[in-house]
Amino acid sequence: MFPIFEYPKSGKRSIYTHPMISSDEIKSIVFGLGADNCGIASIDRFTSAPAGFHPTDVYSKCKSVVVFIKKMPSEVIMAENPIPYSHTADLLYSTLDQIGLNLCSELEDLNIHVVPVVTDIPYLQWDPVNKHAMGIISLRHAAFYAGLGILGKNTLLINRHYGNMVYIGAVLIDKEIEPDPLVTDFICPPSCKLCLDACPVKALDGVTVKQKLCREFSFIQHPRGWDIYTCNACRKVCPNRNGKN
């Protein structure tokens, strides 16, 4: 377990003035806030990010990206009724946003400048014709660059221990922190096409997802206004859904 910061017994936090904070110290804070795992990505790993979606396009002072994940309970995805999965996903987005907000507060107390990355909505980029959206940065790529897993053919992050049942949050910081190594010791099986074949609308090609096809089939809006996820076939059939322990 990573070391935990000790604050004065008076209860008043003092500003952390050490010239360098370590990766382990940041992770200690993140785990203390409730994340299941955490990784650090250096800014130089985002060279392939599309124009406008690089972390420095969001926050020009960014030098490292702190990425964290929460696992969805494994059996939620097996429920025949879509509400448990939809509601759990919404709760995880909110939880990750709260972890990010609390992490900002913790790091600012340590004299580090921080900008949170929204986990789901809102976002600016929206193509209504193709129903294609892009978050301010790609969280799944950020998680990959932070050594938290690989990207499967279903475009989902696959974590070694938690599988693809993970949701992702992140913050951008103005400090150069030692990055975590990329995951290289397991891959999406080259011959596996289970997720591609399982997609009812053939929205997956093994590299990306046609969001228009996916959204029109996988999401419905209840008359009272909330979104409901109606398909998770590509996540469900993945042989690495629950990870490799």
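The values are calculated or read from the model by the stated rules, or taken from the named source; none is laboratory data. Keep in mind the model is a prediction, meaning the values are calculated, not measured. Every residue, glycine among them, receives a Cβ derived from its backbone with ideal geometry; neighbour counts consider all protein chains shown.
From the set of residues in region 205-245 that are polar (S, T, N, Q) and assigned to a loop (DSSP other than H, G, I, E, B), which is farthest from H132 (Cα to Cα)? That would be N245.
Cβ-Cβ contacts under 8 Å between residues 6 or more apart (or on different chains), taken from a first residue in region 207-227 that is surrounded by 14 or more Cβ atoms within 10 Å (Cβ to Cβ) to a second residue that is assigned to a strand (DSSP E or B) and among the hydroxyl-bearing types (S, T, Y), are listed as S218/Y229; F219/Y229. The set of residues from region 64-90 being over 18 Å from the mean Cα position of the chain (by Cα) and either of a type in the set (K, R) or part of a loop (DSSP other than H, G, I, E, B) (or both) comprises A79, E80, N81, P82. Of the strands (runs of 3 or more DSSP E) lying entirely inside region 104-173, those containing at least 2 residues that are touching a helix residue (DSSP H, G or I) at 6+ places or on another chain (Cβ under 9 Å) are 114-117, 132-134, 166-173. For region 182-204, the criterion of a residue being of a type outside the set (A, V, I, L, M, F, W, C), surrounded by 17 or more Cβ atoms within 10 Å (Cβ to Cβ), in a loop (DSSP other than H, G, I, E, B) and in contact (Cβ under 8 Å) with a residue 40 or more places away in the chain is satisfied by no position.
A count restricted to region 40-66 and to residues that are among the hydroxyl-bearing types (S, T, Y), in contact with a strand residue (DSSP E or B) (Cβ under 8 Å, 6 or more places away or on another chain) and surrounded by fewer than 16 Cβ atoms within 10 Å (Cβ to Cβ) stands at 0.
Being closer than 19 Å to S218 by Cβ, in contact (Cβ under 8 Å) with a residue 24 or more places away in the chain and over 11 Å from the mean Cα position of the chain (by Cα) is a property that does not hold for T119. For first residues located in region 53-65 and among the hydroxyl-bearing types (S, T, Y), partners that are part of a loop (DSSP other than H, G, I, E, B) and surrounded by fewer than 16 Cβ atoms within 10 Å (Cβ to Cβ) and lie 6+ apart or on another chain with Cβ distances below 7 Å form the pairs S64/E176. The number of residues in region 62-87 that are among the polar types (S, T, N, Q) and closer than 27 Å to D180 by Cβ comes to 2. The residue of region 29-50 that is modelled with the lowest pLDDT, among those that are in contact with a Ser or Thr (Cβ under 9 Å, 6 or more places away or on another chain) and farther than 15 Å from V65 by Cβ, is P50.
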